[in-house]
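Report on the structure given below.
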Amino acid sequence: MSGGPERRLVRKVVGYVMRDQELLVFTHDDVPLEIAGVQVPAGTIEKEEAPDAAVVREVLEETGLALRVVRSLGTARYDIRPSKPEVHERHFFQLAPVEDDLPERWSAGEEYPSDGGDVQRWTFRWIPFEQAHVLCAGFGARLGEIVPDTQ
């Protein structure tokens, strides 16, 4: 009665990086917007890694920004079928940059992705927080928990 392969649980972190009243988002350079959408930094928690340490590590790896955790925003599960037979247990965090002088837009990427896939490139930008509804794939699940003025 299962109707498909067994789903595995994967522990993830999602980072809402806030600067004043702006949220850091990115789009993939080589994947159409219709496929990848607008995202926030996120990644997989390594074995025996604490979620708060994982979010700081993942966001640094993806953005190059040094950050601090402002607060935990809770967890939510997201079933990513039919893309993969996985359920992501996402730990959401509000983060703040450690530095003040940040670019408005920049490129970043992974030459050697941990999943062994192709080189990935993306473009980061700050958007007004009130436009954060554009996030795809359940990444906006905890936007209502953010306190924008808490830096």
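Skipping prolines and chain starts, which residues have an amide H placed within reach, meaning under 5 Å, of the one on D29, given they are 5 or more residues away or on another chain?
When sequence neighbours closer than 5 places are left aside, the close amide H contacts are R121, W122, T123.
Could you tell me which GluC sites (Glu not before Pro) in region 87-116 are loop residues by DSSP with no more than 10 other beta carbons within 10 angstrom of their beta carbon?
In loop regions of region 87-116 (DSSP not H, G, I, E or B), the sparsely surrounded GluC sites (Glu not before Pro) are E99, E104, E111.
For helix 51-63, report the angle its Cα long axis makes with the longest principal axis of the Cα atoms of the chain; keep it between 0 and 90° and round to the nearest 10°.
Taking Cα atoms only, the helix is inclined about 70 degrees.
Largest first and in whole Å, give the semi-axes of region 97-151's equivalent ellipsoid, each being the square root of 5 times a Cα gyration tensor eigenvalue.
The equivalent ellipsoid of region 97-151 has semi-axes of 25, 17, 11 Å.
Compute the distance in nm between two label points, each set 7 Å from the Cα along the Cα-to-Cβ direction, one at S107 and one at E61.
Reported label-point gap for S107 and E61 is 2.2 nm.
Which far-off residues, 5 or more places away or on another chain, put their amide H under 5 Å from the one on L67, with H placed in the peptide plane?
Sorted by chain and number, the residues that satisfy this are V98.
Once phi is turned into ³J(HN,Hα) by the Karplus curve 6.51 cos²θ - 1.76 cosθ + 1.60 with θ = phi - 60°, what whole-Hz value does each residue of region 125-139 show in order, with x for glycine and proline?
Once rounded to whole Hz, the list reads 7, 9, 10, x, 4, 5, 9, 5, 5, 6, 5, 9, 6, x, 5.
Semi-axes of the equivalent ellipsoid of region 1-60: what are they in whole Å, largest first, if each equals the square root of 5 times a C-alpha gyration tensor eigenvalue?
Over the Cα atoms of region 1-60, the ellipsoid semi-axes are 25, 20, 10 Å.
If you plug each phi of region 70-79 into the Karplus form 6.51 cos²θ - 1.76 cosθ + 1.60 with θ = phi - 60°, what whole-Hz ³J(HN,Hα) values come out, in order, with x for Gly and Pro?
Karplus values, whole Hz, x for Gly and Pro: 8, 6, 7, 10, x, 10, 8, 9, 9, 7.
In the chain, if every C-alpha pair distance is counted and binned at 10 Å from zero, what percent goes to each bin?
Per 10 Å bin, starting at 0, the Cα pair percentages come out as 11, 41, 37, 10, 2, 0.
State the Cα centre-to-centre distance between region 82-151 and region 24-74 in whole Å.
5 Å
Along Cα→Cβ, 7 Å out, is where each label goes; now give me the distance between the ones at D100 and Q131 in nm to one decimal.
So the label points at D100 and Q131 sit 2.5 nm apart.
Quick note: the coordinates plus some simple rules give every number you see, no bench work behind them. As the structure is a computational prediction, the values presented were derived from the model and not from experiment. With ideal geometry, Cβ positions are generated from the backbone for all residues, glycine too; neighbour counts draw on all protein chains shown.
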